[in-house]
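J.: The following block contains the structure, expressed as structure tokens.
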Amino acid sequence: MKKINPVVKLLAILVPGLCLSLFYDWFTPLFYLLFLLLMTFGYGKIPLKKGVKIFAIFLLLSFGFGWTAALYANDGFAGGDVIFTFGWMTLTTGGLQTGLSIMFRSLCFLMMSMMFIFTTDTTQLMMSFIHQCKLPPKFAYGIIAGYRFLPVFQHEFQLLQKAHQIRGVGRLKGIKGKIHQFQRYSIPLLANGIRKAERVAIAMESKGFTGDRNRTYYHRTYVTARDWIFFAMMIGMLVVGACISYKFGYLKIFNKQF
């Protein structure tokens, strides 16, 4: 999956994600979630231990979203028989289906995000934006440079914290203290960022970078048949899930049953 064109991969995630937000039955997102789990951990070769940890955290969050939606769904989605009533909480079959749908859809969005983040190189993504989406190189290379600065700023922020601790400067309380503390960290980081940006700009100009589109590239990205097969597979499996859901009478778009 790491060899898939990043722009095609992004479209293969955004298009099913937008379509999936329309389904309010529980079967279609569950079917697609199982497919995404297979693709992410099988075809995507994401480290299983790291992926399971992230999935477990968001599983609890999505369960909370689904449980809240099941109990407090509006009248258009909370119809059906009453399953149980406890105090002011009433769970109906319609509310349960809505809660399960939101829970499974949230997990689908998580898996699609993990699939893209863990299998996409930032530089290749920007190159794909340049070659396939005609993004101006000056914007693309500026984004790449800014992204590369993030770990540097994090390291410098840690150095500032340790330097303040050595000099006995503690954390201040209150709103004024937080503002003063923000100034102590932001001003040195901003000054260092400006200096580094100037050095990068001078280095790029010295190597002939002008931001012109008509330039040569060491790495080029192309769209191949494999990319379109992946795109068709991502959309096709959602269609297959919707068709199976329709066959068994589960398909529901918004509050309309099909």
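J.: Any residue in segment 3-20 that's part of a helix (DSSP H, G or I): show its pairings with residues that are open to solvent by 20 Å² or more (accessible area, probe 1.4 Å) and aromatic (Phe, Trp, Tyr) at Cβ separation under 7 Å, as long as the two are six or more apart or on different chains.
T.: If the second residue must be open to solvent by 20 Å² or more (accessible area, probe 1.4 Å) and aromatic (Phe, Trp, Tyr), the pairs left are Val7/Phe129; Val8/Phe231; Lys9/Phe116; Leu10/Phe116; Leu11/Phe231; Ala12/Phe231; Ile13/Phe116; Gly17/Phe109.
J.: Just name the residue that is surrounded by the most Cβ atoms within 10 Å (Cβ to Cβ) out of those in segment 1-35 that are in contact with a Pro (Cβ under 9 Å, 6 or more places away or on another chain) and closer than 16 Å to Phe231 by Cα.
T.: So, considering only residues that are in contact with a Pro (Cβ under 9 Å, 6 or more places away or on another chain) and closer than 16 Å to Phe231 by Cα, the one surrounded by the most Cβ atoms within 10 Å (Cβ to Cβ) is Tyr32.
J.: Now for a different question. When segment 1-49 is examined, which residues are found to be modelled with pLDDT under 90 and charged (D, E, K, R)?
T.: Selection gives Lys2, Lys3, Asp25, Lys45, Lys49.
J.: Report, by residue number, each residue of segment 215-253 that is assigned to a loop (DSSP other than H, G, I, E, B), touching a residue at least 60 places away in the same chain (Cβ under 8 Å) and not polar (S, T, N, Q).
T.: Arg215, Tyr217, His219, Arg220, Tyr222, Val223, Phe248, Tyr250, Leu251
J.: Which count do you get for residues in segment 224-253 that are open to solvent by 80 Å² or more (accessible area, probe 1.4 Å) and in contact with a Phe, Trp or Tyr (Cβ under 8 Å, 6 or more places away or on another chain)?
T.: Residues meeting the conditions: 3.
This table checks each residue for (1) more than 30 Å from Val223 (Cβ to Cβ); (2) basic (Lys, Arg).
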site: Ile143; (1), (2): no, no
site: Val152; (1), (2): yes, no
site: Arg167; (1), (2): yes, yes
site: Ile194; (1), (2): yes, no
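J.: Could you give me the residue pairs with C-beta distances under 9 Å whose first residue belongs to segment 197-213 and is under 14 Å from Phe139 (Cα atoms) and modelled with pLDDT under 70, whose second residue is surrounded by 10 or more Cβ atoms within 10 Å (Cβ to Cβ) and charged (D, E, K, R) wherever it lies, and which are 6+ apart or on separate chains?
T.: Phe209/Lys138; Phe209/Arg215; Thr210/Lys138; Gly211/Lys138; Asp212/Lys138
J.: Does Ile143 qualify as being of a type in the set (A, V, I, L, M), in a helix (DSSP H, G or I) and free of Cβ contacts under 8 Å to residues at least 12 places away in the same chain?
T.: Judged against the criteria, Ile143 is not a match.
J.: Identify all residues within segment 101-140 that are hydroxyl-bearing (Ser, Thr, Tyr), outside any loop (DSSP other than H, G, I, E, B), open to solvent by 20 Å² or more (accessible area, probe 1.4 Å) and out of contact with any Ser or Thr (no Cβ under 7 Å at 6 or more places or on another chain); write none if there are none.
T.: Once the filter is applied, which keeps residues that are hydroxyl-bearing (Ser, Thr, Tyr), outside any loop (DSSP other than H, G, I, E, B), open to solvent by 20 Å² or more (accessible area, probe 1.4 Å) and out of contact with any Ser or Thr (no Cβ under 7 Å at 6 or more places or on another chain), segment 101-140 yields Ser113, Thr122, Thr123.
The values are calculated or read from the model by the stated rules, or taken from the named source; none is laboratory data. Predicted, not measured: the structure shown is a model, and the values here were computed from it. Glycine also receives a Cβ, built like all others from the backbone with ideal geometry; neighbour counts cover every protein chain displayed. Heads up: the accessible areas ignore ligands, DNA and RNA and are worked out on the full protein's heavy atoms, side chains in. Shrake-Rupley method; radii C 1.70, N 1.55, O 1.52, S 1.80 Å.
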